[in-house]
Amino acid sequence: MNAVRADNTEEAKRLIKLGADANCRTSPNGWSALHFAVRNGNVEIVEALLQAGADPNYTGTMEGQTGSIISEKPMEIAQSALDLVKQVPPSSMEETLRQGGLDDVALLKSMKDATAADRYQKVVEALAKVTGES
């Protein structure tokens with residue numbers, strides 16, 4: 001979970017190969033490792049988790065949190081991120097995210113990167129292959 005949240009591709013893939021739980025849900029908000037890989041727009045980790053059996057339909061909901069942002073499926077997060085990076089220029093992304101209370105280092109780095117739209121599109125496509133959603 002820590003490697004995925006920190007967007008450390010090599011470490012995450014290494015741990016997955018060693019048998020780390022692809023459906024790990026140890027974060028306080030109930031998100032799985034797949035949620036964080038999707039949020040970071042990291043298609044390599046997304047694909048590794050899916051190949052290891054991560055559940056793309058898990059909503060990340062903990063008791064009492066239904067209907068909040070954290071109860072979204074990975075595909076919903078990926079599509080929202082893709083929509084955002086298509087609408088907000090990289091030079092304004094950090095300010096936009098911080099205004100929304102999103103100041104996670106990995107997320108800021110990922111979403112203000114010039115390749116963000118391509119990466120999130122690939123994440124959406126990887127999830128669509130597994131879920132049948134488009």
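State whether the chain is rounded, prolate or oblate according to the following rule on the C-alpha gyration tensor (a ≥ b ≥ c being the square roots of its eigenvalues): a/c under 1.5 gives rounded; otherwise a/b larger than b/c gives prolate, and the remaining case gives oblate. Please list the in-between numbers first.
Details: a/c = 1.44, a/b = 1.28, b/c = 1.12.
Rounded, since a/c falls under 1.5.
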Checklist line | Charge tally in the Cβ shell below 12 Å around Val46, where Lys, Arg are +1 and Asp, Glu are -1, Val46 excluded | finding: +1
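As a test of the formula, what do you get for the chain when each DSSP H run with n ≥ 4 contributes -39,500 (n - 2.57) and the sum is divided by the residue count, at 222 nm and rounded to the nearest 500 deg cm²/dmol? Please report the intermediate quantities before stating the final value.
Values: 8 runs with 76 residues, N = 134.
Helix contribution divided over all residues of the chain: -16500 deg cm²/dmol.
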Next item on the list: Among Met93, Met111, Met75, determine the one that fluctuates most according to a GNM of the chain built with springs between C-alpha atoms less than 10 Å apart.
Entry: Met93
Checklist line | Residue-span extension gain [Asp113 to Arg98] - 0.36 nm each, minus C-alpha spacing | finding: 3.8 nm
Next item on the list: Would you mind ranking Arg25, Arg14 so that the residue whose beta carbon has the fewest other beta carbons within 10 Å leads the list?
Entry: Arg14, Arg25
Note to self: With the crude spin-label approximation of a point 7 Å out along Cα→Cβ, what separation in nm comes out for Glu76 versus Asn23?
What the structure shows: 2.0 nm
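Based on other C-beta atoms within 10 Å, arrange Val43, Val4, Val105 from fewest to most. Walk me through the numbers on the way to the answer.
Numbers: Val43 22, Val4 32, Val105 10.
By the 10 Å Cβ count, ascending, the order reads Val105, Val43, Val4.
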Next item on the list: Note the angle between two axes, namely the Cα long axis of helix 90-99 and the longest principal axis of the Cα atoms of the chain, as a number of degrees from 0 to 90, rounded to the nearest 10.
Entry: 70 degrees
Checklist line | Least to most buried among Glu133, Glu47 (fewest other Cβ within 10 Å first) | finding: Glu133, Glu47
Next item on the list: Estimate the FRET efficiency between Glu44 and Asn2 by the formula 1/(1 + (r/R0)^6), using the beta-carbon distance for r and 22 Å for R0, to the nearest 0.05.
Entry: 0.85
Next item on the list: Count charges around Met1 for me, please; just the other residues with Cβ under 13 Å from its Cβ, Lys/Arg as +1, Asp/Glu as -1.
Entry: 0
Next item on the list: Mind running the shape call on region 78-134? Use the C-alpha gyration tensor, a ≥ b ≥ c as the square roots of the eigenvalues: rounded below 1.5 for a/c, prolate if a/b tops b/c, oblate otherwise.
Entry: prolate
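Bear in mind these aren't lab numbers, they're just calculated from the coordinates by the rules spelled out. Note that the structure is a prediction, hence the values are computed from the model and not measured. Quick reminder, even Gly has a Cβ in these numbers, built from the backbone with ideal geometry, and neighbours come from all protein chains shown.
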